[in-house]
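Structure, as structure tokens:
Bear in mind that the values in this text are calculations on the coordinates, not laboratory data. Model, not experiment: these values are computed from the prediction. Cβ sites come from the backbone with ideal geometry, for glycine too, and all protein chains shown count toward neighbours.
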């Protein structure tokens with residue numbers, strides 16, 4: 001974004017949106033244009049809504065799939081349509097594939113048909129893929145000119161990732177298939193347990209999405225979940241995030257992260273949610 005934007009330029013992002021994208025754009029004077037995804041369709045892209053927001057000020061579209069916070073894996077055909085529009089209109093498309101290895105849809109193929117695009121930036125995360133989030137390691141794929149400019153920015157901020165972190169990653173990459181499979185299976189088992197617990201609760205409804213390790217759930221009889229989340233952490237020692245931090249439209253939602261949680265902890269966590277919700281219904 002540092003490379004692409006000038007003051008007043010617009011960036012379109014499907015909402016709910018990971019808040020770090022919003023902060024980065026606004027920090028350099030850009031304008032975030034949120035387009036609400038379709039909750040009734042598993043938070044899929046509102047393709048027509050995105051197209052309607054494109055104008056002369058639009059400099060980029062950011063697509064985060066599988067999505068944080070919803071876990072939605074966007075339809076490949078929709079992404080291809082947006083990519084073609086961006087290519088014709090000289091708009092940069094940023095594909096944030098941080099959670100690409102946590103897709104429960106076997107037909108998901110995020111990188112298909114995009115090699116020819118000149119205004120394409122792909123973001124990936126070793127930290128999420130290998131479960132080493134404290135090390136903050138990732139990568140970017142883009143044209144040579146974009147990469148050269150990005151290197152100049154990185155050199156003024158961090159130069160490179162710490163050598164210790166790089167050595168740890170090297171060991172993981174030498175056996176990457178086993179490491180990826182282990183993390184995926186763990187997340188998949190946690191997802192299955194969460195689905196069962198939520199269904200058994202009879203009070204929370206989650207139409208399970210196909211990616212990442214997040215559940216974005218509407219809390220009944222609650223217009224704003226900020227106070228609800230504060231009570232959960234103070235009274236129940238359970239951390240869930242209010243939907244409003246991912247977009248104003250989502251005030252009645254919460255985000256549950258289940259990636260590093262055991263089945264027993266998931267069962268206990270859902271019970272604590274149920275206890276608090278029961279007080280308000």
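The gain in end-to-end length when the residue 279 to residue 56 segment is fully stretched comes to 75.3 nm, 0.36 nm per residue minus the alpha carbon separation.
Taking the longest Cα principal axis of the chain as reference, the axis of helix 263-278 is set at about 70 degrees.
Where both residues lie in the chain, what percent of DSSP beta bridges are antiparallel, nearest 5?
Of the beta bridges lying entirely in the chain, close to 40 percent run antiparallel.
Across the chain, Cα pairs under 8 Å and at least six residues apart give a relative contact order of 17 percent.
Extending 7 Å from Cα along the Cβ direction at residue 218 and again at residue 189 yields two label points whose distance is 3.3 nm. The calculated FRET efficiency for residue 272 paired with residue 135, based on their beta-carbon distance and R0 = 30 Å, is about 0.45.
Relative to the longest principal axis of the Cα atoms of the chain, the long axis of helix 144-157 makes an angle of roughly 60 degrees. Counting 0.36 nm for each residue step from residue 230 to residue 143 and taking away their Cα separation leaves a gain of 26.9 nm.
How many angstrom separate the Cα center of region 13-89 from the Cα center of region 152-183? After rounding, the separation between the Cα centres reads 28 Å. Counted residue by residue at 0.36 nm each, then reduced by the alpha carbon distance between them, the extension gain from residue 48 to residue 157 reaches 35.4 nm. Computed over every Cα-Cα pair of region 177-278 and binned at 5 Å starting from 0, the pair-distance distribution P(r) comes out as 2, 13, 23, 25, 19, 10, 4, 2, 1 percent. Over all projection directions, the Cα-based convex hull of region 10-172 averages an area of 10.2 nm². Determine, from the Cβ-Cβ distance of residue 150 and residue 170 and an R0 of 22 Å, the FRET efficiency 1/(1 + (r/R0)^6), rounded to the nearest 0.05. In this case the efficiency is close to 0.50. Put simply, when 97-104, 228-235 are sorted by average Cβ atoms within 10 angstrom per residue, most first, you get 97-104, 228-235. Compared with the dominant Cα axis of the chain, that is its longest principal axis, helix 176-201 is turned about 40°.
In square nanometres and to one decimal, what's the mean projected area of the convex hull around the Cα atoms of region 1-48?
Details: hull surface 14.0 nm².
The directionally averaged projection comes out at 3.5 nm².
Among DSSP bridges having both ends in region 10-172, what percentage is antiparallel? Round to the nearest 5. Just about 20 percent of them are antiparallel.
Both numbers refer to the Cα atoms of region 1-90; Rg and Dmax are 12.6, 36 Å.
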